Amino acid sequence: MPKGRMEAFSDGVIAIIITIMVLGISAPEGSGMADLLSLGPAVICYAVSFVGVGTYWNNHHHLLNLVQRTTGRMLWSNLLFLFVLSFFPLATDWIQKTDFAALPTTCYIVLNMLVSLSYMNLERVIRNAVSCQLSISGMSELQHKSLAKERWTLGLEAVALVLAIALPTTHLAFVAMVLAFSLWVIPDLRIARLFDALATYEDDEG
């Protein structure tokens, strides 16, 4: 199957996720500045989640540049990623309605860890599928190099989990989550190198 259907479906699901998240912010009942400021926690929750979902969308789009035709494994891995990601509106709404209580914040961090793992699995499936098609010197080394970015991401999310449990009122867990998201603002450079290798391979074959 061409990748167009998987890409279009993914874009649609992610757009709906973002839309549902912003709908979780209710307009203030009053018309004063205090009423407006009362939206602060909800806006902060939405902003953090928007950055997270937007970062995943950017990297997902970048990753799918490698794909020419999808496989069953890719489709199911992509569905798993979207399934976990679709819980973002629920987790975000729970946090802002409970004023960053310990349990909702902990669940939010755990959700982020599950999203990270599901995306890393999708990335691994796609890299493996593409690299199997190539016979380029050094590709094996590229495929199996140290996954430093993934480890840093999971490490920061683990720190966020500890902070959410031990120091829930400090909101430091959200700072750790933003740092984890920031690692992916620039898409994975390994994907760019693999894409260049794939383009060169196709040119040689052509």
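Just so it is clear, none of the values below were taken in a lab; they were calculated from the coordinates. These figures come from a predicted structure and were not determined experimentally. Using ideal geometry, Cβ is built from the backbone for each residue, glycine included, and neighbour counts are taken over all protein chains shown.
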Neighbour-count ranking for 57, 152 (other C-beta within 10 angstrom, fewest to most) reads 152, 57
Residues whose built amide H sits under 5 Å from the amide H of residue 70, excluding neighbours closer than 5 in sequence, are 3
The alpha-carbon center of the stretch 5-41 and that of the stretch 77-122 are separated, in whole Å, by 16 Å
Protection proxy (average C-beta count within 10 Å per residue), highest first, orders 101-114, 15-28, 166-179 as 101-114, 166-179, 15-28
In order over the stretch 111-121: 3J(HN,Hα) from phi, Karplus 6.51/-1.76/1.60, θ = phi - 60°, whole Hz, x for each Gly or Pro, gives 4, 4, 5, 5, 5, 4, 5, 5, 5, 4, 5
Going residue by residue through the stretch 29-34, the Karplus relation 6.51 cos²θ - 1.76 cosθ + 1.60 with θ = phi - 60° gives ³J(HN,Hα) values, rounded to whole Hz and with x marking Gly or Pro, of 6, x, 10, x, 5, 4
For the pair residue 178 and residue 151, the simple spin-label estimate (label points 7 Å beyond Cα toward Cβ) gives in nm 2.7 nm
The size of the Cβ-based charge dipole (Lys, Arg +1; Asp, Glu -1) of the stretch 6-100 about the Cα centre, to the nearest 20 debye, is 440 debye
